[in-house]
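Input: a single structure, listed below in structure tokens.
The values are calculated or read from the model by the stated rules, or taken from the named source; none is laboratory data. Remember, it's a predicted structure, so these values are computed and weren't measured experimentally. No Cβ is skipped: glycine too gets one built from the backbone with ideal geometry, and neighbour counts run over all protein chains shown.
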Amino acid sequence: MIGEKVAQAPASDVAPTLLALRGVGKVFSNGVTALSNVDLTIREGDFLSLLGPSGCGKSTALRLIAGLSTPTSGVLDWRGGGSLDRANIGFVFQEPTLLPWASVFDNVWLPLRLKGISRAKAAPAIKQMLARVHLTGFEDAVPRELSGGMKMRVSIARAMVTKPRVLLMDEPFAALDEITRFKLNNDLLELWQDERFTVVFVTHSVFESVFLSNRVVVMAARPGRVFDELAIEAAYPRDEAFRTSPDYAALCRRASDVLISAINLTAGPHHDGH
């Protein structure tokens with residue numbers, strides 16, 4: 001558990017590259033340029049946050065990484081060539097997107113069911129993952145019986161039950177109250193430290209990006225592009241003591257200054273490439 005581990009994020013300069021975006025651009029059919037000439041390296045074991053204003057293409061970049069969309073220009077270069085098998089990518093959307101008629105257990109079973117794994121055979125993995133997201137005892141509940149935070153835990157369990165190498169998260173905690181958001185941030189870090197997958201996390205929140213990440217990539221809008229990158233060199237595990245520390249406050253100020261600079265670059269009519 002998190003209190004028993006003294007794990008560091010892999011140093012960005014020594015961890016092997018998992019994915020490189022090289023000159024990636026995306027123009028929508030309506031002519032809006034969502035991304036332009038994006039160069040970004042994602043390393044094995046990173047917890048990387050994409051931070052920026054609406055319209056800077058954060059979600060578009062995530063969909064390109066997931067293979068849900070294709071770039072108009074440039075390449076996504078996965079280690080080993082080709083693309084990463086979809087089974088190795090988990091995606092958590094801003095809304096939990098649960099099946100309203102299905103139990104918690106059956107919602108988490110869904111990706112395994114689609115792979116042809118029976119309910120009985122999938123049960124141990126489902127129960128283990130529900131335990132990891134603190135939902136033991138809620139297997140038979142349906143979504144309408146759950147709080148917003150609990151629904152998001154189900155969504156995370158569903159994304160993680162296939163043991164993906166990469167977890168993509170598109171502002172998953174944006175709609176939650178601050179206390180619930182803090183708890184889920186803590187639990188996500190615990191899960192990441194234990195399982196050592198790679199996370200790409202989209203957020204509008206400076207505070208969330210600094211707390212979670214070992215790297216924060218700040219994006220600017222119109223067109224969406226990488227503006228700057230910050231290394232968050234604070235040690236893991238991170239807890240409430242870190243949240244109230246001078247180091248955290250200084251890192252948040254630094255990230256906020258960079259974000260403000262990126263926002264100040266934005267000019268002209270608003271086109272939401274987010």
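A few remarks follow.
- Failed condition for Ala123, given (1) at pLDDT 95 or above; (2) in the same structural domain as Leu64 (by TED's automatic domain parsing); (3) of a type in the set (A, V, I, L, M): (2)
- Extreme residue, nearest to Leu212 (Cα to Cα), among residues of the range 34-59 that are in contact (Cβ under 8 Å) with a residue 60 or more places away in the chain and polar (S, T, N, Q): Ser49
- Of the criteria (1) touching a Phe, Trp or Tyr at 6+ places or on another chain (Cβ under 6 Å); (2) under 22 Å from Ser209 (Cα atoms), which one Ile89 fails: (1)
- Members of the range 20-50 found to be touching a helix residue (DSSP H, G or I) at 6+ places or on another chain (Cβ under 7 Å) and β-branched (Val, Ile, Thr), listed by number: Val24, Val38
- Which numbered condition Ala141 misses (of (1) touching a Ser or Thr at 6+ places or on another chain (Cβ under 9 Å); (2) modelled with pLDDT under 95): (2)
Conditions (1) surrounded by fewer than 18 Cβ atoms within 10 Å (Cβ to Cβ); (2) farther than 28 Å from Pro124 by Cβ; (3) in the same structural domain as Pro124 (by TED's automatic domain parsing), marked per residue:
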{"residue": "Thr136", "(1), (2), (3)": "yes, no, yes"}
{"residue": "Val142", "(1), (2), (3)": "yes, no, yes"}
{"residue": "Lys151", "(1), (2), (3)": "no, no, yes"}
{"residue": "Lys183", "(1), (2), (3)": "yes, no, no"}
{"residue": "Gln193", "(1), (2), (3)": "no, no, no"}
{"residue": "Arg196", "(1), (2), (3)": "yes, no, no"}
{"residue": "Ser213", "(1), (2), (3)": "no, yes, no"}
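- Residue among Gly74, Gly90 that is outside the structural domain of Leu259 (by TED's automatic domain parsing) and surrounded by 14 or more Cβ atoms within 10 Å (Cβ to Cβ): Gly90
- Yes/no for Gly116 being of a type in the set (Gly, Ala, Ser) and either under 30 Å from Thr33 (Cα atoms) or in contact (Cβ under 8 Å) with a residue 24 or more places away in the chain (or both): no
- Counting only residues that are in contact (Cβ under 8 Å) with a residue 40 or more places away in the chain, over 11 Å from Val92 (Cβ atoms) and outside any strand (DSSP E or B), the range 152-179 holds 5 of them.
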